[in-house]
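K.L.:
Next up is a structure, given as structure tokens.
The values are calculated or read from the model by the stated rules, or taken from the named source; none is laboratory data. Please read these numbers as outputs of a predicted model, since none were measured by experiment. Cβ atoms come from the backbone with ideal geometry, glycine included; neighbour counts cover every protein chain shown. With ligands, DNA and RNA removed, areas are computed over all heavy atoms of the protein, side chains included. Shrake-Rupley method; radii C 1.70, N 1.55, O 1.52, S 1.80 Å.
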Amino acid sequence: WAIFLVIRLSLAEAALVLDGSGATEAVGSSWEASRGAFWSLLGLSILLALVSGAAELLGRIPSVGVYISLAGSAFMLYLGTAALALAYLGLRGNGFAGAGVSGTPPPPTDGFSATGSR
């Protein structure tokens, strides 16, 4: 049950930041967004753990290992946070639009089309 709870609540931090909600609302948002996506989120968590483990193994190389380990840890912190934030946006139904990015460019505002003609 512990793994189930951790995975279902793994999006709470993203919900807290992206929605600007309180802690209780963020937990509820995470629970709702992860409904039906347990296996996908578990797979994402396992993938992030494997990449983190690989960075840790590289960190054991003598003389440069400390630097690789520090850089790998910092990279994984940002990668993991970004991956969970994008997963939350996708599961919430906004996709990348919630992050200010959409799949199609906005219409031109200067009277020109995308091909440059009027």
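K.L.:
Kindly evaluate Ala15 against the criterion of being open to solvent by less than 70 Å² (accessible area, probe 1.4 Å), touching a residue at least 24 places away in the same chain (Cβ under 8 Å) and touching a Leu at 6+ places or on another chain (Cβ under 8 Å). Full working, then the answer.
P.N.:
On the way: open to solvent by less than 70 Å² (accessible area, probe 1.4 Å): yes; touching a residue at least 24 places away in the same chain (Cβ under 8 Å): yes; touching a Leu at 6+ places or on another chain (Cβ under 8 Å): no.
Against the criterion (open to solvent by less than 70 Å² (accessible area, probe 1.4 Å), touching a residue at least 24 places away in the same chain (Cβ under 8 Å) and touching a Leu at 6+ places or on another chain (Cβ under 8 Å)), Ala15 does not qualify.
K.L.:
Can you tell me which of Val27, Val51 is without any contact (Cβ under 8 Å) to a residue 60 or more places away in the chain, open to solvent by 30 Å² or more (accessible area, probe 1.4 Å) and touching a helix residue (DSSP H, G or I) at 6+ places or on another chain (Cβ under 6 Å)? Step through it out loud before you land on a result.
P.N.:
Details: Val51 fails: touching a helix residue (DSSP H, G or I) at 6+ places or on another chain (Cβ under 6 Å).
Only one candidate qualifies: Val27.
K.L.:
Pick from Gly90, Gly98: which is surrounded by 11 or more Cβ atoms within 10 Å (Cβ to Cβ), part of a helix (DSSP H, G or I), under 24 Å from the mean Cα position of the chain (by Cα) and modelled with pLDDT of 75 or more?
P.N.:
Values: Gly98 fails: modelled with pLDDT of 75 or more.
When all the criteria are applied, what remains is Gly90.
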